[in-house]
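Working notes for the structure below.
The values are calculated or read from the model by the stated rules, or taken from the named source; none is laboratory data. Values in this document were obtained by computation on a predicted structure and should not be read as measured data. Virtual Cβ from ideal backbone geometry, glycine too; neighbours counted across all protein chains shown.
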Amino acid sequence: MSLILKSVKDLWSKIYLWIFCNFFTFIIMITLSRKRKRMSHDNGIGAIGKVKIVNDQNFPAHEFFAPGRIFDVRIRHASATFLDDAMNCIRSMSIKFSKEKFKSPFDLEMNTGEISLFWSAWSFFKFASMRKEKYGIEYTNYYKNYPEGLKGAILALRRNPDSFHDLRYYAKTPFQFVGTDKIKRYAKYRIRPFDDIKESGIAEHLCERNICNQRVLSHESRGRNYLKEEYIQRVKNQEVKYKLEIQTRFAQDDEDPEIFNNMVTWPEEIYPWHDLAVIEIEKTLNWEESTRTGFSLKNMPKTLGYIPAKSIYDYNSLNYMRAHSEWARKARMLSYKFRKFPEEIPNDDDRNSEDWTKIQKVKHKNLLRS
């Protein structure tokens, strides 16, 4: 009888996870597509180039990552969640092994910081619901209630980095990895600059109070788009290359759930990082192409995909939720088609902003004043 009850409970947990994630996606569709916005990473720039799988491989062999294989690549760098590069923000790099806006055999979405600010679908819901943003100050109550999230923010936020290119980006929740030997493993991925230059933008002596305040500094002289402008010039004037790296470990029958926790890193002395591929950028994309670019964790081979989740509290529910947010992207694309395409982020007006609507209202007021 107890086995039957456990089976029913487990089944309900999976059903509730599906309901939870799809309801959350529905809310995003209604609220953000109306504003023609992504969930968080609106402020970004895209680029295209090539990605080549390394020949000298020290990770388990996989058919998709065959030595020397070359793909087109489209990437997008962004700052989350605000529209101002000079704010203290998490920075991201998303990649797809394709030049297409969405279609791709392999996508990854990565952010700065080795650990995250949330660790399950449920904790992400608390993170989102407790944001309480006002003029660039946010998450005050969340960090008080969830000190793990505060620790993740301290490690992930970057103020005034020199370039998107010199940062380190992590896909923190692990994925499946079933190679040519058919042995089940798990994998994590990260991106770093090819020449391994020092990372910029890492603040020191941070605490709860100044982490919540992500506003532009009072003496800031750089504009809202300085990182995007720097990246455009960098790609024009010099070689821009990255290393995609992989970390793998064997799956176990009696797996400790903590290995899936994106708040816990895998010790490098046991699970070293290995070179997987080299990404070389050829040109940047304009505002419209960058904005139309989308990524999905469903754009992966089955043997490399996200790990199934059992409940909203399961660490793997984060990637499950990301993979099931596709309708939000489609709604945003429809909003671009049937409404005016969002304007490019201007360099003046309304600093510390997260919303095109606010910027456009300020521009309209300034126009009336003039």
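Results, tabulated for the structure shown:
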item	result
Residue in region 96-109 that is farther than 22 Å from Tyr315 by Cα, buried (at least 20 other Cβ atoms within 10 Å of the Cβ), of a type in the set (Asp, Glu) and over 17 Å from the mean Cα position of the chain (by Cα) present	no
Whichever residue in region 210-246 is over 30 Å from Asn319 (Cα atoms) and among the basic types (Lys, Arg) and, among such residues, is nearest to the chain's Cα centre (by Cα)	Arg224
Listing of helices (runs of 4 or more DSSP H) fully contained in region 249-353 that carry 1 or more residues being surrounded by fewer than 14 Cβ atoms within 10 Å (Cβ to Cβ)	287-292, 326-338
Filter result for Glu148 (within 16 Å of Ala80 (Cβ to Cβ), touching a residue at least 12 places away in the same chain (Cβ under 8 Å) and either buried (at least 20 other Cβ atoms within 10 Å of the Cβ) or over 18 Å from the mean Cα position of the chain (by Cα) (or both))	no
Any hit, region 197-217, residues being more than 25 Å from Ile232 (Cα to Cα), at pLDDT 95 or above, of a type in the set (Lys, Arg) and not in a loop (DSSP other than H, G, I, E, B)	no
Residue in region 128-145 that is nearest to the chain's Cα centre (by Cα), counting only those that are surrounded by fewer than 22 Cβ atoms within 10 Å (Cβ to Cβ) and assigned to a helix (DSSP H, G or I)	Ala128
Index of the failed condition, Phe24 passing every other in (1) under 29 Å from Leu276 (Cβ atoms); (2) surrounded by 19 or more Cβ atoms within 10 Å (Cβ to Cβ)	(1)
When residues of region 66-94 are limited to those that are β-branched (Val, Ile, Thr) and within 27 Å of Asn352 (Cα to Cα), the one modelled with the lowest pLDDT	Thr81
Flag for Lys6 being among the basic types (Lys, Arg), buried (at least 19 other Cβ atoms within 10 Å of the Cβ) and over 30 Å from Thr180 (Cβ atoms)	no
Pick from region 171-182, criterion surrounded by 22 or more Cβ atoms within 10 Å (Cβ to Cβ) and not hydrophobic (A, V, I, L, M, F, W, C), ranking: nearest to Phe194 (Cα to Cα)	Lys172
Any hit, region 280-287, residues being more than 26 Å from Gly149 (Cβ to Cβ), among the charged types (D, E, K, R) and modelled with pLDDT under 95	no
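This table checks each residue for (1) among the aromatic types (Phe, Trp, Tyr); (2) over 20 Å from Arg292 (Cα atoms); (3) under 22 Å from the mean Cα position of the chain (by Cα).
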residue: Leu5; (1), (2), (3): no, yes, no
residue: Lys9; (1), (2), (3): no, yes, no
residue: Lys14; (1), (2), (3): no, yes, no
residue: Leu17; (1), (2), (3): no, yes, yes
residue: Ile30; (1), (2), (3): no, no, yes
residue: Arg36; (1), (2), (3): no, no, yes
residue: Met39; (1), (2), (3): no, no, yes
residue: Gly49; (1), (2), (3): no, no, yes
residue: Val54; (1), (2), (3): no, yes, no
